[in-house]
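See below for the structure under consideration.
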Amino acid sequence: MKLRWVMAAGAAVVMAAAGVLVSATLAKPAHADTTSLDDVVLSHPFKGTSEIYNYAPTAVQGGKPGSVRRHYYWCGYDKGYSGHDSDTILTQSYDPKTRTMSALSVALTPSRGSWDSGNVCNPSVVMGTFKNPIGDGKTYSIALYYAGSTGGNHNSIGVAYSNDWHTFHKRATPLLSPPAPPACTKPKTGTPKYGYGQPSAYNRDGQGKVWLFYDDTCVSRYKRVEIDNGTRVAGTTATVTVNGFPKHSRPSPGLEFAYDSTAHVWYAVGGWDTDARPSPPWTNPRGGKETHEHGAYTFQLYKIAEGGLVTGSSPWSEVTRVDTNLVGYESSTIPTIVRGLHGNVNIADVYPNIVMTFGVTNTHRPPASSTIAKDAPTTDKSHWKISEITWRPGHPLRPFKRYYSDSLKRHEVTTGYVDTSTFAYQKTLGSLYEEPNGDATVALYGCRHDPDDYLVTTRADCEGAKRLGLEGYAFPTSGPGHDIPLYRCKTDSHHLVSTDPKCEGWTGEGLLGYAHD
């Protein structure tokens, strides 16, 4: 269950200019894998447009040998919808063999005077055989489900169809609409709630029958309904269990679902543990006052046995999480799972790995002279782009490494991201489990005291410092295979971790736990 990953800070940007097809080879990542893994996976942040933002991606991969494509759709801004600053759905495709991106194109825009005149976002794409789903007598092979509204709240879910991945034809009316006010309003203000969102589609029969998952914020529940050739099937709505999900102040963080038809399990990815980190007040480029970072700094991948999905007979279990500590981005939000053409994870040349595409801020964690006040503005939506990370089942250990910066005279000890242009590798202290495993139940967190004192603690609140995220899980006591002690130490200027009980001559601050060999 180890994450094998490479994050890029300056990967090639592929744009469409004046209708000219542009294609570029992806650049080598500027910030390479910091966990010294013996293999890497493609990770290509790309910005589909120079305007404002990119987020809420979805991706499907398929095709014949030699012509495999990964098709991306995401929510962004496009001036093609003249005179209206609104969400549109953008698309590009990627060739894994040649590592090139196609030109950017606009897949879907709001329709003036219609139910989705204000915005279209949260795309989910699936293939099938859809016969006459919009009453034009045509059969389509691609369905794009999306959320839309007239003004950002009380969203409904609609669908559009295509045969070429680029040109889509909308169903005139929504597939799913929330109840009218006051049934879907905020009790204190009486204003409309978000409504329905975050659709994710799974084609049950390879033809026209689709299970459509969506987030019902009116009642804070995840639902699943059957759609047959563009029509909702009455009596098929079911509530997805929340058994095993952590309690959270925001009970509907927006999950996406995908099916593993070999292991007969469902995956869900989203940000349960996702409260935005507070920051000193800052002003965004649009003049708005902010007191928190934008987006969520972490998200989690969960799985559940097929039989427990709607019955709750078995719980969801977390299998990994992605946070600032791991990837270096200030925020990582609204993830999706790359799926096969019919919506499952059983993709040739990928399975059993799970690839997650997600929105990130395009400024990495500064290694020096950084403060929360400086970091927070980098999470503004004008910086949002798209990236990917791959989770590998069966690789549960993360190397816990120590680095040192000659220029800063500082150490950093982490299982995740470090800026190797500033910090040089010293040694590996041991390994931590990425999730609780047997007796390995002591969570260690990576934190930072402004500006550049990186510390590790067992306290989730980071002792008042900025929480970067989870390092992994250590053992509370020594035993066979996990007898490496981890001591927290303090110099005159910063913290570090050592295996020496005397802290190599520095001041000892106690035992954190024991690492795996």
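Of the candidates Ala474, Ala460, Ala424, the single residue that is surrounded by 14 or more Cβ atoms within 10 Å (Cβ to Cβ) and among the hydrophobic types (A, V, I, L, M, F, W, C) is Ala474.
Regarding Gly137, is this residue modelled with pLDDT of 95 or more and of a type outside the set (Phe, Trp, Tyr)?
Values: modelled with pLDDT of 95 or more: yes; of a type outside the set (Phe, Trp, Tyr): yes.
Yes: the conditions hold for Gly137.
Applying the condition of being surrounded by fewer than 16 Cβ atoms within 10 Å (Cβ to Cβ) and on the phi > 0 side of the Ramachandran plot to the range 45-100 and asking which residue is modelled with the lowest pLDDT yields Gly83.
So that you can scan it fast, the table gives a plain yes or no per residue for (1) farther than 26 Å from Trp316 by Cβ; (2) under 20 Å from the mean Cα position of the chain (by Cα); (3) among the basic types (Lys, Arg):
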position: Lys193; (1), (2), (3): no, no, yes
position: Ala258; (1), (2), (3): no, yes, no
position: Thr262; (1), (2), (3): no, no, no
position: Pro285; (1), (2), (3): yes, no, no
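Considering only residues in the range 387-414 that are charged (D, E, K, R) and under 23 Å from Asn346 (Cβ atoms), the one that is surrounded by the fewest Cβ atoms within 10 Å (Cβ to Cβ) turns out to be Arg392.
Considering the range 457-477 alone, what residues qualify as being hydrophobic (A, V, I, L, M, F, W, C) and in contact with a Phe, Trp or Tyr (Cβ under 7 Å, 6 or more places away or on another chain)? The answer is Ala460, Cys462, Leu470, Ala474, Phe475. Name the strands (runs of 3 or more DSSP E) wholly within the range 435-517 that hold at least 1 residues that are closer than 13 Å to Glu412 by Cβ, touching a residue at least 40 places away in the same chain (Cβ under 8 Å) and in contact with a Leu (Cβ under 8 Å, 6 or more places away or on another chain)? In the range 435-517, 442-449, 453-457, 466-474, 495-498 are the strands (runs of 3 or more DSSP E) which contain 1 or more residues that are closer than 13 Å to Glu412 by Cβ, touching a residue at least 40 places away in the same chain (Cβ under 8 Å) and in contact with a Leu (Cβ under 8 Å, 6 or more places away or on another chain). Exactly one residue out of His154, His166 is surrounded by 21 or more Cβ atoms within 10 Å (Cβ to Cβ) and touching a residue at least 40 places away in the same chain (Cβ under 8 Å), and it is His154.
The values are calculated or read from the model by the stated rules, or taken from the named source; none is laboratory data. Owing to the predicted nature of the structure, the values given are computational and were not obtained by experimental measurement. FYI the Cβ positions are ideal-geometry reconstructions off the backbone, even for glycines, and counts take in every protein chain you see.
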